[in-house]
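Here's the structure, in structure tokens; my notes come after.
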């Protein structure tokens, strides 16, 4: 990564941390979703999360295709309907991957907004660790082994995980771990959103 760009990103990250928001809500899932998941499901979760969060909350994804991109499409749809520019969505992205998929930037342009990106970690493992460290909870849609790794990282930090069990993949394992305290499974998007909304 060019030295100038790296310094700019470090400055933006420092500014962000000095003005940390209320809650950071991570939405994690597969870049190539498996059976049980549909793009409309991710878009609906993004839309409803954006609709329900408080003024200073932030929705965060890992900046990959699949679930992350679908969730952002839902956030953009919400903003377009209300004719607002969004400042409540952010990507946390590892240095090794160079840049997120261009679709993220295309979506941001639809509402005349720059995309907020925070570089964390040299690779996906370090990025996952940082996501669990700084976010307050995780919403799980579908997912594979990487998503399960993120779920464990959140649980090790005693942070709540909200799974949409019927979305398949890693989220279906949340059903088996459901304890109603740190691990919560939902079979309905509205119930999941309401539980995230109640979180302090």
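The values are calculated or read from the model by the stated rules, or taken from the named source; none is laboratory data. Please read these numbers as outputs of a predicted model, since none were measured by experiment. Cβ: placed from backbone, ideal geometry, glycine included. Neighbour counts: every protein chain shown.
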message: If I filter the stretch 164-186 down to residues being assigned to a helix (DSSP H, G or I) and touching a residue at least 40 places away in the same chain (Cβ under 8 Å), which single residue comes out as surrounded by the most Cβ atoms within 10 Å (Cβ to Cβ)?
response: 171
message: Take the conditions in contact with a helix residue (DSSP H, G or I) (Cβ under 7 Å, 6 or more places away or on another chain), modelled with pLDDT of 85 or more and within 17 Å of residue 25 (Cβ to Cβ) and apply them to residue 141. Does it pass?
response: yes
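Is it true that some residue in the stretch 46-59 is part of a strand (DSSP E or B) and either at pLDDT below 95 or under 26 Å from residue 160 (Cβ atoms) (or both)?
Within the stretch 46-59, the subset part of a strand (DSSP E or B) is 58-59.
Those still in the list that are either at pLDDT below 95 or under 26 Å from residue 160 (Cβ atoms) (or both) too: 58-59.
Yes, there is a match, as at least one residue in the stretch 46-59 is part of a strand (DSSP E or B) and either at pLDDT below 95 or under 26 Å from residue 160 (Cβ atoms) (or both).
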query: What number goes with the only condition from (1) in contact (Cβ under 8 Å) with a residue 60 or more places away in the chain; (2) closer than 27 Å to residue 190 by Cα; (3) touching a strand residue (DSSP E or B) at 6+ places or on another chain (Cβ under 7 Å); (4) buried (at least 21 other Cβ atoms within 10 Å of the Cβ) that residue 127 does not pass?
result: (2)
